[in-house]
Amino acid sequence: HNVVVDDPANYKKLKLAFSFLMTIPGVPLIYYGDEFGMTGAHDPDNRRVMRFDDELTEHEKDVLNYVKKINSIRNKFSAFRYGDFIPLYIENELFAYCLSNFDKKAIVVLSRHKEGNEIKINLPAEFNMKQLKNAFTDEIISIENNTLLLNVTPYSCFIFVNE
């Protein structure tokens, strides 16, 4: 078998899968090679030799850097490790949820949309949030009337925190 990734969008989907894995309750498990999207097929092709640094493609390096970043976010914010899971918005190609650890909150928005669009997520009134910080960019966004307004891009993840 010569298994290859023939659609670069698959790397975006892999990053989305890692976003989910690293932000839901429980301990994430990553097998070697998954952190950059190593391909493989049935035995014995499922045990390829590990590749590093210059052996990776640009897409694989991008996934590896993303996994490092999202792992750093998970380690930095306690709500990912100890928080209660609260679904906020569920649609065919969009899932938003909150992890709440006392007054510390993390809101995750995962979009499998193939085109960008604007979404509105109503937050529980008891959250009483006025602003959130984007965990990827440190940008502060305002919350009005307990409503989070977002312009989502194809295959994207947003992580907002109030810590």
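The values are calculated or read from the model by the stated rules, or taken from the named source; none is laboratory data. These numbers come from a predicted model, not from an experiment. Here Cβ is always computed from backbone atoms with ideal geometry, including for glycine, and neighbour counts include all displayed protein chains. These accessible areas exclude ligands, DNA and RNA; they are computed on the full protein's heavy atoms, side chains included. Shrake-Rupley method; radii C 1.70, N 1.55, O 1.52, S 1.80 Å.
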Checklist line | Single match in Val3, Val49, Val27 (criterion: open to solvent by less than 60 Å² (accessible area, probe 1.4 Å) and not charged (D, E, K, R)) | finding: Val3
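Regarding region 2-20, can at least one residue be identified that is at positive phi, of a type outside the set (Ser, Thr, Tyr) and at pLDDT 90 or above?
For region 2-20, residues at positive phi, of a type outside the set (Ser, Thr, Tyr) and at pLDDT 90 or above: absent.
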Check: Within the bounds of region 131-143, is there any residue that is over 16 Å from Ser19 (Cα atoms), basic (Lys, Arg), touching a residue at least 40 places away in the same chain (Cβ under 8 Å) and open to solvent by 20 Å² or more (accessible area, probe 1.4 Å)?
Finding: no
Check: With Glu118, Glu126, Glu91, Glu58 as the choices, which residue is at pLDDT 95 or above and of a type in the set (D, E, K, R)?
Finding: Glu58
Note to self: Quick check on region 57-111: of everything there that is closer than 15 Å to Ser156 by Cα and outside any strand (DSSP E or B), which residue is most open to solvent (accessible area, probe 1.4 Å)?
What the structure shows: Asn92
Notebook entry, point to check: Looking at region 1-26, which of its residues are closer than 19 Å to Tyr97 by Cα and basic (Lys, Arg)?
Noted result: Lys13, Lys15
Next item on the list: Please find, within region 142-163, the residue that is nearest to the chain's Cα centre (by Cα) out of those that are within 22 Å of Asn75 (Cα to Cα) and part of a strand (DSSP E or B).
Entry: Cys157
